[in-house]
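What follows is a set of notes on a single structure, which appears directly below.
The values are calculated or read from the model by the stated rules, or taken from the named source; none is laboratory data. Just so it is clear, the structure is predicted and the values come from calculations on it, not from any experiment. Cβ sites come from the backbone with ideal geometry, for glycine too, and all protein chains shown count toward neighbours.
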Amino acid sequence: MGLFDFLKKGADNTNSSQIEKQQPRYADSSTIDDDERPYYQPDEYYTYESYPGTGMGKKVITFDERKKTSYPSSRGLYVAEIMLLEYCSRGSYPKPKNGYPGLWWFEFGIRDVGHALASLQDRGFIRLTVGANSLRSLTVAQLKDLAAEYGVECSGKKADIINQIVETIPVERLRTHDDLIKYELTETGKDELEENAYVPYMCKHSHKTTEDGRFGKTFNVWDINKLLHDKDISKWREIIGAIEKKRFGVNIACEEGKQEKKKSAGKQLKYTSEEMRQYLIDNKEKISKAAQKPGDGFNEEMKGIDLKKLGKDKEALFSFYVSICKKFDAPALYNETMILLRKYGLLEEEKAVCKTAIKLNKDLKRDASAFERRLEKIESLLAKEKPKTDSGSDSAKELKRYKELLDEGIITPEEYEEKKKQLLAL
């Protein structure tokens, strides 16, 4: 169950004056197949207003209504259908283990997800296959039993067995194993999703807004859909990026695109510990001056998160420190700052940020135990550090630190291997 489901649950007991009297209380579910029903919430969950009776209340715009006010892609798919392709690309649809999230109704106006998927299949965007993700969840013994059930002998490693099952057992023969039959994108579906990648990008955007403008100027997938309908869709990153740069100070779309192109080439940390530490020292005065500008620190925190996601670690730390100097009250701010500092081995700096977070929480009479536990771990790591003696011990120490970063998931295996090669060459 997603966050939307959690917030929605139990909130539909209040009649809303915004719902037209002639409209049914709950969305029609009569078209949903019986074998699909277990993957939805009870019918009374699907009201015609999200969060009815609260300040967050918003009328649901059905898929048919939405088609009248939005634009289809060159292949005729609307925003909601493109998002369905995105979910199908993950290998968990139809009948996902945790059920269909409420967003399909409350955000996209689709009550019967199963038939919406069937429509995409009929039009050649997706096809049913033996889901590799589902097979990977089985043990080797279970995979062999499954293969034997259909008269197929399998051997080798788990990956080999999965490949043999996929290649030798037709989907039609596995109909009794619903949990193994999943949609995958056809070539047409892949092209459609790639060409309209702005849809999942905007639906996941950290700065997206509601459509009613209650929180200021709107910025959401529907705005971008209208903006792009008569433009070159291949330029969506540049178009959205220009808006982001003007409104949020960071061209996230274009920078993210550059990062994606570099993924296959492997990564390494951009700066050494000393370079990052010196950067903070050199910019201490600039950070202090920036903290004197109007604002509570929220914008700087959000900008820092955007920059961190794009790999701009120095700039991200600058923004985070400005927000901290403004005493912005958000646990995520201090956690994100400490993650970056740990990445570069700046334990003393991390310790200082952690102490600041503890003091802020105690001043506000809030629980600071999570930060106190982190402080204990930082101090433990500092106690283990020994003075440097020679280049050989320096390299070993540095490699050990990078191994710890790898184990904590702060750097990737590629980054670790690249750094290992560099240190062993010294």
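At-a-glance table
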| item | result |
| --- | --- |
| Any hit, region 304-312, residues being among the charged types (D, E, K, R), crowded, with 19+ Cβ neighbours inside 10 Å, within 21 Å of residue 414 (Cα to Cα) and modelled with pLDDT under 90 | yes |
| Search result, residues across region 191-238 that are within 20 Å of residue 66 (Cβ to Cβ), within 18 Å of the chain's Cα centre (by Cα) and of a type in the set (D, E, K, R) | 204, 208 |
| Given (1) within 20 Å of residue 209 (Cα to Cα); (2) at pLDDT 95 or above; (3) loosely packed, with under 13 Cβ neighbours inside 10 Å, number of the condition residue 55 does not satisfy | (2) |
| Matching option when the condition is in contact with a helix residue (DSSP H, G or I) (Cβ under 8 Å, 6 or more places away or on another chain) and either under 23 Å from residue 349 (Cα atoms) or among the basic types (Lys, Arg) (or both), among 249, 311 | 311 |
| Residues that are touching a helix residue (DSSP H, G or I) at 6+ places or on another chain (Cβ under 7 Å), part of a helix (DSSP H, G or I) and in contact (Cβ under 8 Å) with a residue 40 or more places away in the chain, drawn from region 89-111 | 103, 106 |
| Qualifying positions in region 236-250 - assigned to a helix (DSSP H, G or I) and within 17 Å of residue 302 (Cα to Cα) | 241, 243, 244, 245, 246, 247, 248 |
| Single residue of region 30-66 satisfying the filter (touching a Gly at 6+ places or on another chain (Cβ under 6 Å) and not in a loop (DSSP other than H, G, I, E, B)) that is nearest to residue 98 (Cα to Cα) | 39 |
| Residues satisfying the stated conditions in region 74-119, i.e. among the small types (Gly, Ala, Ser), buried (at least 17 other Cβ atoms within 10 Å of the Cβ) and over 17 Å from residue 186 (Cα atoms) | 80, 102, 109, 114 |
| Out of 310, 375, 333, 360, sole residue that is free of Cβ contacts under 8 Å to residues at least 60 places away in the same chain and under 23 Å from residue 245 (Cα atoms) | 333 |
| Residues that are hydroxyl-bearing (Ser, Thr, Tyr) and over 17 Å from residue 336 (Cβ atoms), drawn from region 352-387 | 369, 380 |
| Residues (touching a residue at least 24 places away in the same chain (Cβ under 8 Å) and either not in a loop (DSSP other than H, G, I, E, B) or not aliphatic (A, V, I, L, M) (or both)) located in region 280-298 | 280, 283, 286, 287, 288, 290, 295, 296, 297, 298 |
| Residues within region 309-366 that are more than 28 Å from the chain's Cα centre (by Cα), of a type outside the set (Lys, Arg) and not in a helix (DSSP H, G or I), tallied | 1 |
| Any hit, region 377-388, residues being modelled with pLDDT of 70 or more, part of a helix (DSSP H, G or I) and among the polar types (S, T, N, Q) | yes |
